[in-house]
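Okay, structure first, notes after.
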Amino acid sequence: MKNKKIEEELYFTGQLLIAMPGMIDERFYKTVIYICAHSEDGAMGLILNHVMAGISFQELLEQLEIEEIPTSMDLPIHFGGPVEVGRGFVLHTNDFKQEGTIEVDENIFLTATMDILKAIAKGDGPRKSLLALGYAGWSPGQLDEEIRANGWLQAPADNELLFGSDQKSKWEKSIAKIGINPVMLSGQAGHA
């Protein structure tokens, strides 16, 4: 039986992945991804810094036939990743929980039901949230291989990076959080 503490340290649940400058897949160029789940079965996360153009929160509510209380709030809709882009996910603070809500860590939850959208529309949702369509997913061992191939950096998450509105600087702020100057990064993997 594996030591649970050692096993948890091998996985990045609740952490940020920061795409290296040499990321080959253009869908992930300069992305910051919050890892919602990572285990021997694979990984799942949401891109934090790519907002979708062409659809507003109000339009999404109309499409889903969810009534909203008139408000000036317009929650940005993020491109969460290329998998199941028609499926919505809400990453949020721990002040909202319902059946089907997943606890990523003690402070951050993930809900993928219509009820959370209804609560947000009524003003009864979580204190902070990020709405995403689609997600980034990796099969067993795939993320680990991409990290070994110099595709990603890892950093601790914080509320500003998760829920902040400045999408354009999240990549740079995430890298700065771990003390790296983005100019010094290379997309080439080093081998001795």
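The values are calculated or read from the model by the stated rules, or taken from the named source; none is laboratory data. Keep in mind the model is a prediction, meaning the values are calculated, not measured. When we count neighbours, we look across all protein chains shown, and the Cβ atoms used for this are built from the backbone with ideal geometry, even at glycine.
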| Arg87 versus (1) assigned to a strand (DSSP E or B); (2) of a type in the set (Lys, Arg); (3) touching a helix residue (DSSP H, G or I) at 6+ places or on another chain (Cβ under 6 Å): which is the lone unmet condition? | (3)
| Which numbered condition Pro140 misses (of (1) free of Cβ contacts under 8 Å to residues at least 40 places away in the same chain; (2) exposed (fewer than 12 other Cβ atoms within 10 Å of the Cβ); (3) of a type outside the set (Phe, Trp, Tyr)) | (1)
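Out of the range 147-168, which residues are among the aliphatic types (A, V, I, L, M), closer than 18 Å to Ala37 by Cβ and not in a helix (DSSP H, G or I)? Break it down into steps so the answer makes sense when it comes.
Step one: list which residues in the range 147-168 are among the aliphatic types (A, V, I, L, M), which gives 147, 149, 153, 155, 157, 161-162.
Now narrow it down to the ones that are closer than 18 Å to Ala37 by Cβ: 147, 155, 157, 162.
Result: Ala155, Ala157.
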| Checklist (1) at pLDDT 85 or above; (2) surrounded by fewer than 16 Cβ atoms within 10 Å (Cβ to Cβ) applied to Leu60, failing item | (2)
| In the range 148-176, how many are within 29 Å of Glu40 (Cβ to Cβ), surrounded by 13 or more Cβ atoms within 10 Å (Cβ to Cβ) and modelled with pLDDT under 90? | 1
| field | Filtered residues of the range 41-54 (kept if surrounded by 12 or more Cβ atoms within 10 Å (Cβ to Cβ) and in a loop (DSSP other than H, G, I, E, B)) | value | Leu48, Asn49, His50, Met52
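Can you name every residue in the range 103-146 that is in a loop (DSSP other than H, G, I, E, B), under 20 Å from Leu16 (Cβ atoms) and not hydrophobic (A, V, I, L, M, F, W, C)? Reasoning before the result, please.
At the first step, the residues of the range 103-146 found to be in a loop (DSSP other than H, G, I, E, B) are 104-107, 112-113, 123-128, 139-141.
Applying the additional criterion that residues be under 20 Å from Leu16 (Cβ atoms) yields 104-107, 126, 128.
Answer for the range 103-146, where residues must be in a loop (DSSP other than H, G, I, E, B), under 20 Å from Leu16 (Cβ atoms) and not hydrophobic (A, V, I, L, M, F, W, C): Asp105, Glu106, Asn107, Pro126, Lys128.
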